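Read through the structure below, which is laid out as C-alpha cells, and then see the notes.
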Amino acid sequence: MVIENAPTWHLGRLETWLIDAGLEPEVLRPHTGDAIPERVDHHDALIALGGGRGAAWTPELTALLRTTVADRLPLLAFCSSARSLATSFGATTTPVESFNPGPRLIGRRDAAADDPLFGTAPMAIDVIRWRHETLTDLPPDARLLAATPDGEPEIFRIGDRAWGIQSHVEFDGAMVLGLDGDGELARRVDAVTEHLAETWRPIIDRFAALAQGRTASSPLPLLD
C-alpha cells in the first residue's frame with residue numbers, strides 16, 4: 001500500500017523499482033478523497049510519500065504509521081511522512097534555515113552495519129533534498145542509519161521494520177519542475193539518476209524481499 005499525499009509527490013522512479021522487485025503498489029490518494037485505513041490489511045508493506053506537511057489527514061496517517069510499526073509490517077516513510085513517524089514516537093522538528101534543494105551525499109553510520117536494508121549500502125548515499133522542515137533529534141529508541149555531514153538525521157529505523165528517510169530518491173527532473181523548481185535544478189537532479197539507481201534499487205529490492213518474507217541481506221537485486 002502506498003499513501004500519496006499530493007499529486008506532484010508521487011512514486012516517480014520508485015514505481016518501476018517496486019514492480020521489478022515483485023511488489024504491486026496500490027496507491028491511496030487522500031488528496032482526492034481516499035480514506036486512510038486504521039491499519040494495513042491484505043498488503044505486504046506500507047510506503048508513505050512526502051508532500052503531506054499540514055495536510056488535514058495527518059492525524060489519520062500518523063495513526064496508521066504507528067499501527068504499522070506495532071504490527072511489524074515493513075514500512076518506508078519519506079520526507080514529511082518520515083517526520084510524522086519520528087515525531088509520533090517523541091522526536092522534534094524545526095523549520096530549515098534556508099530552502100536549498102538538490103542532490104546531496106549523506107553518510108552511512110556505523111550503526112547501519114547490521115541493518116536489513118542499509119547494512120550493505122554505500123558509505124556515501126545519494127539523495128535529493130527537498131524540505132522546509134527537518135528533524136532536530138530522533139526518538140530515544142530509534143537507530144540513526146545515515147546523516148548529513150553536520151549530523152542532521154537523514155535515515156533512521158524505528159523497531160525492526162520501519163524506516164524513515166527525510167530526503168527523496170523518487171524525484172526526477174520532471175517532478176522537480178512540477179514542484180516549481182527551475183530548469184537548472186531539474187538538470188542537476190536528472191544528472192544523478194544513475195547514482196540514485198545504483199544505490200537505491202538494491203535497497204528497494206531488499207525491502208520487497210522483506211515484505212515478501214524472503215531474505216533481505218543481499219546487496220544484489222532479489223527477483224522471483
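The values are calculated or read from the model by the stated rules, or taken from the named source; none is laboratory data. The shown structure was predicted, so the numbers you read here are calculated from the model rather than taken from an experiment. Note that we place each Cβ from the backbone using ideal geometry, even for glycine, and neighbour counts take in every protein chain shown.
Values computed for the structure shown
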read-out: Selection count, region 204-224, where residues are touching a helix residue (DSSP H, G or I) at 6+ places or on another chain (Cβ under 9 Å) and either at pLDDT 95 or above or aromatic (Phe, Trp, Tyr) (or both); value: 4
read-out: Residue check for LEU75: hydrophobic (A, V, I, L, M, F, W, C) and surrounded by 22 or more Cβ atoms within 10 Å (Cβ to Cβ); value: yes
read-out: Residue check for LEU177: free of Cβ contacts under 8 Å to residues at least 24 places away in the same chain and of a type outside the set (D, E, K, R); value: yes
read-out: Complete set of residues in region 145-172 that are of a type in the set (D, E, K, R) and either assigned to a strand (DSSP E or B) or out of contact with any strand residue (DSSP E or B) (no Cβ under 8 Å at 6 or more places or on another chain) (or both); value: ASP150, GLU154, ARG157, ASP160, ASP172
read-out: Residues satisfying the stated conditions in region 79-106, i.e. charged (D, E, K, R) and touching an Asp or Glu at 6+ places or on another chain (Cβ under 9 Å); value: ARG83, ARG104
read-out: Residue, nearest to VAL169 (Cα to Cα), within region 93-131, restricted to residues that are of a type in the set (Val, Ile, Thr) and surrounded by fewer than 21 Cβ atoms within 10 Å (Cβ to Cβ); value: THR120
read-out: Residue match in region 53-68 (condition: assigned to a loop (DSSP other than H, G, I, E, B), at pLDDT below 95 and surrounded by 15 or more Cβ atoms within 10 Å (Cβ to Cβ)); value: yes
read-out: Matching residues, region 89-103, being of a type in the set (S, T, N, Q) and within 16 Å of LEU177 (Cα to Cα); value: ASN100
read-out: Wholly within region 85-132, strands (runs of 3 or more DSSP E) carrying at least 3 residues that are among the β-branched types (Val, Ile, Thr); value: 124-129
read-out: Close pairs from region 139-161: first over 14 Å from ARG83 (Cβ atoms) and in contact (Cβ under 8 Å) with a residue 24 or more places away in the chain, partner polar (S, T, N, Q) and buried (at least 17 other Cβ atoms within 10 Å of the Cβ), Cβ under 9 Å, at least 6 apart; value: ARG161/THR68
read-out: Candidate set: region 7-33, residues that are among the charged types (D, E, K, R) and surrounded by fewer than 18 Cβ atoms within 10 Å (Cβ to Cβ); chosen: the one farthest from THR199 (Cα to Cα); value: ARG29
